[in-house]
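Following: one structure in structure tokens, then a few remarks.
The values are calculated or read from the model by the stated rules, or taken from the named source; none is laboratory data. Here the structure is a predicted model, which means the values were calculated and not measured. For neighbour counting, all protein chains shown are included, and Cβ atoms are generated from backbone atoms with ideal geometry for every residue, glycine included. The protein model used for the area step is the full one, side chains on, heavy atoms only, and it has no ligands, DNA or RNA in it. Shrake-Rupley method; radii C 1.70, N 1.55, O 1.52, S 1.80 Å.
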Amino acid sequence: MYNSNISLDNDGNIVASTDYDGEVAFYLKRNNSIVEKKFYIKEKKYTFKEKFESGVFSVRFFFRREDETKVAYETTSYLLDLKKNLLDEIKSEVLEEQEDYKITYYDRGSNITLVTFNGTKTTKTRKPFGLSIAMINNWNLISVAQDNDTQYQSLSLENFYEIVKPVILNKEVYSYGASLGGYCAIYYGGCIEATIIAASPKNSAHPSITASRFEDLTFNHKGFDKIPVTTKEVYIVYDSTIRSDVKFIDEQVALAYPQPNLLPIENGTHQVLQTLLGAGVLKLYVHSIVNKKYNYDISKYIKAKCKYYQGKHKEAFKVLESIAKENLEI
């Protein structure tokens, strides 16, 4: 692949450059979302107009060849600290890679380690789930990625434990994921004595579901009644109106954790973390758990913010008023 990289100029703008001689398109990604695009130009360098103070950044290059075929390449991720005018490359170490999964370690020298699991239909090359929140907070990250739509069936609990054990020794560990990743946060979190943060946990290849595309996939995971369980807290956020999600929590997850700390978000969708993000409370949810400050009032505040985000303003204010009355003893 062509030499391509990103840097900061003296004004704090992100600059993408390459040695490719043809037409190039430049896509800037912040926290794994595209924030600015520059379509095909013949210049080898492009300075993005948007300026940011912090975040995890990468640039996706698209190279258009003479035969009109296109080749894409994405840089490694960089952590921006504009106060120091620093764009620091985020280095990682592959702990284990097999055909169907890859486990990567990002060592930030922290006492806190986030173990995250990518979702369904992802590959080993996909950016890690939770990379941004881990790097911005200078937490260590262990990223677990599946491939070939295998739903982590080739990664046993025993192998997972042996792979990550050396780097989590004496660390404060949190397992975190959404949907399939949420299922994995629960399934694997017990053997590493993690605090579990799971959003809409569900594995569509599970025998209780078996989605049609997984009919030929051998399901190797143990039942939830046979897995090691953590003694730490288990937090689950989900949409209480999605029957299949509620059923999986009530009938499967409950076999291991009959009394998790539930946060039902009405009409939050299966992608409930996106709802929390849109409502501006995802950071609050995760940080309050990691900082051991999560409580009933915070859960009600999150629900109120989500209702407001959904346009249910009157319902949101009713929740906020109830919080005020309870705390002021009115």
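What percentages make up the Cα-Cα pair-distance distribution of segment 121-180 when the bins are 5 Å wide from 0?
4, 14, 23, 28, 20, 9, 2
Counting each DSSP H run of 4 or more residues in the chain as -39500 (n - 2.57), what helix-only mean residue ellipticity at 222 nm follows after dividing by all residues, to the nearest 500 deg cm²/dmol? Present the calculation step by step, with values, prior to reporting the outcome.
Details: 8 runs with 83 residues, N = 330.
About -7500 deg cm²/dmol.
Give me the one-decimal Kirkwood hydrodynamic radius in Å for the chain, with the sum taken over alpha-carbon pairs.
Result for the chain stands at 21.5 Å.
Dividing the Cα convex hull volume of segment 1-123 by residue count, how many Å³ per residue is that? Please report the intermediate quantities before stating the final value.
Details: hull volume 17.5 nm³, N = 123.
It comes to 142 Å³ per residue, whole-number rounded.
Can you list which of the GluC sites (Glu not before Pro) found in segment 4-109 are DSSP loop residues with at most 16 other C-beta atoms within 10 Å? Let's see the in-between values first.
On the way: sites: E23, E36, E43, E50, E53, E66, E68, E74, E89, E93, E96, E97, E99; in loops: E43, E50, E53, E66, E68, E99.
Sites meeting the loop and neighbour criteria: E43, E50, E53, E66, E68, E99.
What's the magnitude of the charge dipole for the chain around its Cα centre, counting Lys and Arg as +1 and Asp and Glu as -1 at the beta-carbon? Answer in Debye, nearest 20.
Numbers: 42 positive and 42 negative charges, 204 e Å.
Magnitude of the dipole: close to 980 debye.
Going Cα to Cα from K293, which aspartates and glutamates come in below 16 Å? Please leave out same-chain ones fewer than 8 positions away.
Result set, ordered by chain and number: E172, E233.
Might you tell me the accessible area per residue for segment 173-330, computed with a 1.4 Å probe and given in Å²? It would help to have the intermediate numbers written out before the result.
Details: 7780 Å² over 158 residues.
Here the per-residue accessible area is 49 Å².
Just to check, using Stokes-Einstein with a Kirkwood Rh over alpha carbon pairs, what's the diffusion coefficient of segment 154-263 at 4 °C and 1.567 mPa s in µm²/s? Don't skip to the answer; put the middle values down first.
Working: Rh = 14.2 Å.
My calculation gives 91 µm²/s for D.
Take the alpha-carbon centre of segment 276-298, take the same for segment 31-106, and report the distance between them in whole Å.
28
Given contacts defined as C-alpha pairs under 8 Å and at least six residues apart, what's the relative contact order of the chain, whole-number percent? Spell out each step's value before the answer.
Details: 667 pairs, mean separation 30.2, N = 330.
In percent, rounded to a whole number, it is 9.
Within segment 79-170, what percent of beta bridges assigned by DSSP are antiparallel, to the nearest 5? List each step's numbers first, then the result.
Working: 13 of 18 bridges.
Once the DSSP bridges in segment 79-170 are tallied, antiparallel ones form about 70 percent.
Of all the accessible heavy-atom surface of the chain, with the other protein chains kept in place and a 1.4 Å probe, what percent is carbon and sulfur?
Values: 7720 of 16580 Å².
With neighbouring chains kept in place, the figure for the chain is 47 percent.
Roughly how compact is segment 217-330, stated as its Cα Rg over 2.2 N^0.38 Å to two decimals?
Working: Rg = 16.1 Å, N = 114, 2.2 N^0.38 = 13.3 Å.
Scaled against compact globular proteins, the figure is 1.21.
Please tell me the relative contact order of segment 149-204 in percent, rounded to the nearest whole number, where contacts are Cα pairs under 8 Å and at least six residues apart. Intermediate values should be presented prior to the final figure.
On the way: 74 pairs, mean separation 19.1, N = 56.
It comes to 34 percent, rounded to a whole number.
Please tell me which of these pairs span more than 22 angstrom C-alpha to C-alpha: K283/K314; K51/K83; K247/K314; K45/K70; K121/K226; K202/K222? Display every interim value, and only then the final one.
On the way: K283/K314 24 Å; K51/K83 13 Å; K247/K314 30 Å; K45/K70 18 Å; K121/K226 27 Å; K202/K222 14 Å.
The answer is K283/K314; K247/K314; K121/K226.
Calculate the all-directions average of the projected area of segment 263-324's alpha-carbon convex hull, and give it in nm². Each step should come with its number before you reach the end.
Details: hull surface 15.7 nm².
One quarter of the hull surface, i.e. the mean projection, equals 3.9 nm².
Where both partners of a DSSP beta bridge lie in the chain, what percent of those bridges are antiparallel, to the nearest 5? Spell out each step's value before the answer.
Values: 45 of 69 bridges.
In the chain, DSSP labels about 65 percent of beta bridges as antiparallel.
Using packing as a proxy for protection, rank 110-120, 244-254, 124-134 so that the peptide with the highest average count of other Cβ atoms within 10 Å comes first.
Working: 110-120: 22.5, 244-254: 17.4, 124-134: 20.7.
Ranked from most to least packed, the peptides come out as 110-120, 124-134, 244-254.
For segment 26-119, what is the accessible area per residue in Å² when the probe is 1.4 Å?
Working: 5330 Å² over 94 residues.
Result: 57 Å² of accessible area for each residue.
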